[in-house]
1. Which of the residues belonging to region 10-57 are over 13 Å from residue 106 (Cα atoms), surrounded by 15 or more Cβ atoms within 10 Å (Cβ to Cβ) and within 11 Å of the chain's Cα centre (by Cα)?
2. Consider region 72-91. How many of its residues are open to solvent by 30 Å² or more (accessible area, probe 1.4 Å) and over 11 Å from residue 36 (Cβ atoms)?
3. Any residue in region 32-43 that is modelled with pLDDT under 95 sitting within a Cβ distance under 6 Å of a residue that is open to solvent by less than 20 Å² (accessible area, probe 1.4 Å)? List the pairs, counting only those 6 or more apart or interchain.
4. Within region 44-58, track down each residue that is farther than 15 Å from residue 91 by Cβ and modelled with pLDDT of 95 or more.
Amino acid sequence: QVQLVESGGGLVQPGGSLRLSCAASGFTFMLYAMSWYRQAPGKERELVASIPSAGKTNYADSVKGRFTISRDNAKNTVYLQMNSLKPDDTAVYYCYAFIGLTRYWGQGTQVTVSS
């Protein structure tokens, strides 16, 4: 079965960096686009970044120039490098894949940006 397992969240000061990882299993990873979403308290879940199986990455305007999504098909892992973090980036971050007309989500990892 499809599994998405996030890691790498934590507490970081404003201006700091974190790298999130999402280990995928149960499907042919290299064939599918992968995405990162986030949900802050009291807000709707929003798309942060996506990376296709091949082609151009896509970012939310709020993270452009600060976040970088990448993938390692040999490791079945997608990453989100987050730099210049701001308090507004505080949220639970989720890994996402759409496979066979089904939406799959990881369990989420908490990112807190605070001094």
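1. Hits for region 10-57 are 48, 49, 50, 51.
2. 11
3. none
4. 50, 51, 52, 57, 58, listed by residue number.
Each row is one residue, and each column tells you yes or no for (1) among the aliphatic types (A, V, I, L, M); (2) within 17 Å of residue 114 (Cβ to Cβ).
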site: 6; (1), (2): no, no
site: 16; (1), (2): no, yes
site: 22; (1), (2): no, no
site: 40; (1), (2): yes, yes
site: 56; (1), (2): no, no
site: 74; (1), (2): yes, no
site: 83; (1), (2): no, yes
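The values are calculated or read from the model by the stated rules, or taken from the named source; none is laboratory data. These numbers come from a predicted model, not from an experiment. Here Cβ is always computed from backbone atoms with ideal geometry, including for glycine, and neighbour counts include all displayed protein chains. Remember, those area values only see protein heavy atoms, side chains included, never the ligands or the DNA or RNA. Shrake-Rupley method; radii C 1.70, N 1.55, O 1.52, S 1.80 Å.
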